[in-house]
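See below for the structure under consideration.
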Amino acid sequence: MGFRNNRRQITAADDLGGSIAIRVSPRARRIALRVDAAKRKVELVLPPGVPTAHGLRFLATKQQWVSARLAALPQPVPFDEGVVIPVLGIPHPIRRETDPAAPPVTIRDGEIRVRGDRAHIGHRVRDHLIGMARRDFARRARRVATRINRSVTQVTVRDTKSRWGSCSGKGNLAFSWRLLFAPEWVIDYVVAHEVAHLVEMNHGARFWRLVESLSADSAAARAWLKRYRSRLFSYG
C-alpha cells in the first residue's frame with residue numbers, strides 16, 4: 001500500500017551506515033521508530049508539524065536500539081547451489097541437476113534440483129516456488145471453502161510485505177507466496193482466515209469462531225508467524 005497524498009517521505013543518512021526513511025503521518029500522535037524486517041530498513045514516523053530535526057534527535061537517542069534490532073534480523077538466504085531452504089516447513093537443499101532432459105526445477109527426494117548454469121538458479125527457484133505456492137494455496141482454499149458452502153473465485157499470490165493474505169468481496173483470495181516456507185499447519189491457518197472472510201468480512205467474534213472451527217491451531221499459528229516473520233522474508 002502506498003502513501004496517501006497527505007503524507008510525504010524523504011530519506012536521510014543515519015549513523016548505521018545506511019539510510020532511514022522519514023515519513024510524516026497525519027495519524028501519528030508521537031514520534032515513532034519502526035524496523036521493517038521485510039525491507040530491512042528503518043522508518044522514522046513524525047506527526048504533522050514536527051520538524052525533521054526533532055525526529056533525528058529522537059533517532060540519535062535510539063541508535064543502540066535500532067542497531068540491535070537490525071543485527072537481530074536473519075541474514076539474507078539466496079537461492080543458490082548448496083543453500084538449504086524450507087518448503088512447507090521442511091528443509092530442502094538446492095542441488096544442480098546434471099540431466100539435460102530434466103525440467104528446469106524439480107522438487108524430489110527432499111531436494112530442490114535445478115538444471116542449467118548456476119547464474120539461472122536464483123530466478124528459476126523463485127519462479128518455481130511462486131507457481132507451487134499458487135497451486136497449493138488454491139487447492140487448500142477451495143477445499144476449506146467447501147466446508148462452509150462457499151466458493152473461491154480466484155486465488156493469486158504476491159510478494160506482500162504487510163499481510164499474509166487478503167479476501168475481496170468478490171471472493172478473490174490473495175496470499176504471500178512466502179508462506180510456502182512455513183509449516184503446513186501455519187499455511188492452513190492463513191488459508192482458513194481468508195476463507196472465513198467469505199462469510200464474515202470483518203474481525204468480529206463470529207469471524208474468529210469460524211476461523212477456530214476451520215483451523216484448530218489458529219492461536220499457535222499466529223504466534224509462529226509473529227516470531228518467524230523476518231525469517232520468511234530472508235529467503236531469496
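What to note about this one:
- Considering the stretch 69-96, the residues that are open to solvent by 60 Å² or more (accessible area, probe 1.4 Å) and not charged (D, E, K, R) include one that is nearest to ILE121 (Cα to Cα), namely PRO78.
- Between ALA216, ALA192, the distinction of being over 20 Å from the mean Cα position of the chain (by Cα) and either aromatic (Phe, Trp, Tyr) or farther than 30 Å from GLN75 by Cα (or both) belongs to ALA216 only.
- Assessment of the stretch 27-42 against the conditions (under 18 Å from SER162 (Cα atoms), at pLDDT 90 or above and either in contact with a helix residue (DSSP H, G or I) (Cβ under 6 Å, 6 or more places away or on another chain) or buried (at least 16 other Cβ atoms within 10 Å of the Cβ) (or both)) yields at least one matching residue.
- Condition met for PRO48 (open to solvent by 60 Å² or more (accessible area, probe 1.4 Å) and under 27 Å from the mean Cα position of the chain (by Cα)): no
- Applying the condition of being more than 13 Å from the chain's Cα centre (by Cα) and closer than 11 Å to VAL87 by Cβ to the stretch 173-189 and asking which residue is least open to solvent (accessible area, probe 1.4 Å) yields PRO183.
- Filtering the stretch 108-127 to residues that are surrounded by fewer than 18 Cβ atoms within 10 Å (Cβ to Cβ) and either farther than 15 Å from VAL83 by Cβ or not charged (D, E, K, R) (or both) leaves ARG108, ASP109, GLY110, GLY116, ASP117, ALA119, HIS120, GLY122, HIS123, ASP127.
- Test for VAL66: is it more than 15 Å from GLU43 (Cα to Cα), in contact with a Leu (Cβ under 7 Å, 6 or more places away or on another chain) and open to solvent by less than 20 Å² (accessible area, probe 1.4 Å): no
- Residue within the stretch 97-104 that is more than 23 Å from PHE175 (Cα to Cα), in a helix (DSSP H, G or I) and open to solvent by 60 Å² or more (accessible area, probe 1.4 Å) present: no
- Residues of the stretch 128-162 that are open to solvent by 70 Å² or more (accessible area, probe 1.4 Å), basic (Lys, Arg) and in contact (Cβ under 8 Å) with a residue 60 or more places away in the chain: ARG147 alone.
The values are calculated or read from the model by the stated rules, or taken from the named source; none is laboratory data. Note that the structure is a prediction, hence the values are computed from the model and not measured. A quick note on method: Cβ atoms are made from the backbone with ideal geometry, for glycine too, and the neighbour counts reach across all protein chains shown. SASA here: full protein model, heavy atoms, side chains in, ligands and nucleic acids out. Shrake-Rupley method; radii C 1.70, N 1.55, O 1.52, S 1.80 Å.
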